[in-house]
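Single-structure report; data block below.
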Amino acid sequence: MRSMRKGVLFVCTHNSARSQMAEGLLRAWAGDRFEVFSAGTQPTEVRPEAIAVMAELGIDISSHRAKALGEFAGEEFSWLVTVCDRAWQECSAVPGVENPAHWGIEDPAEATGSEEERLAVFRRVRNDIGNRLHMFILAAGRPDLQAPAGSRVAP
């Protein structure tokens, strides 16, 4: 049985970077208020670059694993936030979710170039997610809002 904290599920296609970073950031910053998970519609592996840029903030996601969305079937969540367009198309309406939302975030896994150039993209994406999460944390306590601030909500 889940705790009384509000459940948040971040979803992207591979559950390898964006959703993993969102899970790690929200858990670190507000894990006392939210029960946080991430999943993918076609999970692969957590990207080492995601682990590295999170470690720069003192957040260890090295033990995270990519999880399939199906692992959460039957669970109820206050928020389901898709962080890629493909996941939004595939699961914008999931039973048991009070507030579906979409954050269209650049895929850092598509970055090319040197290791430092790829890490720079992962940092930029991590910071984008972090900014959105700061707004989410502030907005989540407001009962008049039905979705995380900065989200595009299904009509």
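So, residue 78, is that one of a type in the set (S, T, N, Q), in contact (Cβ under 8 Å) with a residue 60 or more places away in the chain and either touching an Asp or Glu at 6+ places or on another chain (Cβ under 6 Å) or more than 20 Å from residue 124 (Cα to Cα) (or both) or not?
Yes.
Residues of segment 75-102 being at pLDDT 85 or above, of a type in the set (Val, Ile, Thr) and either outside any loop (DSSP other than H, G, I, E, B) or farther than 14 Å from residue 13 by Cβ (or both), which ones?
Result: 81, 82.
Out of 107, 128, 60, which single residue is in contact with a strand residue (DSSP E or B) (Cβ under 9 Å, 6 or more places away or on another chain) and not basic (Lys, Arg)?
Step by step, each of 107, 128, 60 is checked, and only 107 is in contact with a strand residue (DSSP E or B) (Cβ under 9 Å, 6 or more places away or on another chain) and not basic (Lys, Arg).
Limited to segment 27-52, what total is found for residues that are of a type in the set (A, V, I, L, M) and either touching a residue at least 40 places away in the same chain (Cβ under 8 Å) or farther than 17 Å from residue 87 by Cβ (or both)?
Adding up the residues that qualify gives 5.
Test residue 24 against the criterion of being crowded, with 22+ Cβ neighbours inside 10 Å, more than 14 Å from residue 80 (Cα to Cα) and out of contact with any Gly (no Cβ under 8 Å at 6 or more places or on another chain), and give yes or no. Show your work before the answer.
Numbers: crowded, with 22+ Cβ neighbours inside 10 Å: yes; more than 14 Å from residue 80 (Cα to Cα): yes; out of contact with any Gly (no Cβ under 8 Å at 6 or more places or on another chain): yes.
Considered against the rule, which asks whether it is crowded, with 22+ Cβ neighbours inside 10 Å, more than 14 Å from residue 80 (Cα to Cα) and out of contact with any Gly (no Cβ under 8 Å at 6 or more places or on another chain), residue 24 comes out as yes.
Those residues that are over 20 Å from residue 89 (Cβ atoms), of a type outside the set (A, V, I, L, M, F, W, C) and not in a loop (DSSP other than H, G, I, E, B), I need them from segment 5-28; list them, please.
Those that are over 20 Å from residue 89 (Cβ atoms), of a type outside the set (A, V, I, L, M, F, W, C) and not in a loop (DSSP other than H, G, I, E, B): 6, 7, 20, 23, 24, 27.
Output the residue which, of all residues in segment 29-73 that are closer than 18 Å to residue 90 by Cβ and in a loop (DSSP other than H, G, I, E, B), is farthest from the chain's Cα centre (by Cα). Outline the logic, then answer.
Pass one, segment 29-73, residues closer than 18 Å to residue 90 by Cβ: 37-44, 66-73.
Filter once more, keeping what is in a loop (DSSP other than H, G, I, E, B): 41-44, 66-67, 73.
Numbers: 41: 13, 42: 15, 43: 14, 44: 15, 66: 12, 67: 12, 73: 17 Å.
Across segment 29-73, the extreme among qualifying residues is 73.
Collect the residues in segment 22-66 that are of a type in the set (A, V, I, L, M), touching a helix residue (DSSP H, G or I) at 6+ places or on another chain (Cβ under 6 Å) and within 20 Å of residue 78 (Cβ to Cβ), keeping them in residue-number order.
Result: 22, 25, 26, 30, 36, 39.
I'd like the full set of residues that are of a type in the set (Lys, Arg) and touching a residue at least 40 places away in the same chain (Cβ under 8 Å), limited to segment 83-131.
Looking only at segment 83-131, we keep the residues that are of a type in the set (Lys, Arg), and these are 86, 118, 123-124, 126.
Across segment 83-131, the qualifying residues are 86, 118, 123, 126.
Condition check ((1) buried (at least 19 other Cβ atoms within 10 Å of the Cβ); (2) closer than 13 Å to residue 10 by Cα; (3) of a type in the set (A, V, I, L, M, F, W, C); (4) at pLDDT below 95) across all residues:
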| residue | (1), (2), (3), (4) |
| --- | --- |
| 37 | yes, yes, yes, no |
| 40 | yes, yes, no, yes |
| 52 | no, no, yes, no |
| 60 | no, no, no, no |
| 73 | no, no, yes, yes |
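The values are calculated or read from the model by the stated rules, or taken from the named source; none is laboratory data. What you see is a predicted model; the values in this text were computed from it and never measured. Note that we place each Cβ from the backbone using ideal geometry, even for glycine, and neighbour counts take in every protein chain shown.
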